[in-house]
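Down below is the structure, laid out as structure tokens.
The values are calculated or read from the model by the stated rules, or taken from the named source; none is laboratory data. Just so it is clear, the model here is predicted, and its values are computed rather than measured. Note that each Cβ is placed from the backbone with ideal geometry, even for glycine, and that neighbours are counted across all protein chains shown.
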Amino acid sequence: MFSPAKKAGLIDRLLSSLDQPDEHTDVLWRKEVEDRIKAYGAGQIESVSLEEVMSKYHK
């Protein structure tokens with residue numbers, strides 16, 4: 001068995017590995033956000049309230 005300190009170290013390394021930035025994904029999301037803002041400003045899409053979104057998934 002691992003000692004509590006060893007377990008904590010392993011958990012810390014695992015959690016740290018999940019937080020690694022992915023520049024490619026960040027670039028794609030940035031473009032997606034910019035495109036959505038432009039579409040919203042041009043009246044091509046409408047916003048949806050948080051309440052509407054949450055009610056859709058809490059049925």
Residue within segment 13-22 that is at pLDDT 90 or above and either surrounded by 10 or more Cβ atoms within 10 Å (Cβ to Cβ) or touching a strand residue (DSSP E or B) at 6+ places or on another chain (Cβ under 8 Å) (or both) present: no
Close pairs from segment 32-53: first surrounded by 11 or more Cβ atoms within 10 Å (Cβ to Cβ), partner among the small types (G, A, S) and part of a helix (DSSP H, G or I), Cβ under 7 Å, at least 6 apart: I45/A39
Selection from segment 10-54 of residues that are part of a helix (DSSP H, G or I) and in contact with a Phe, Trp or Tyr (Cβ under 9 Å, 6 or more places away or on another chain): L10
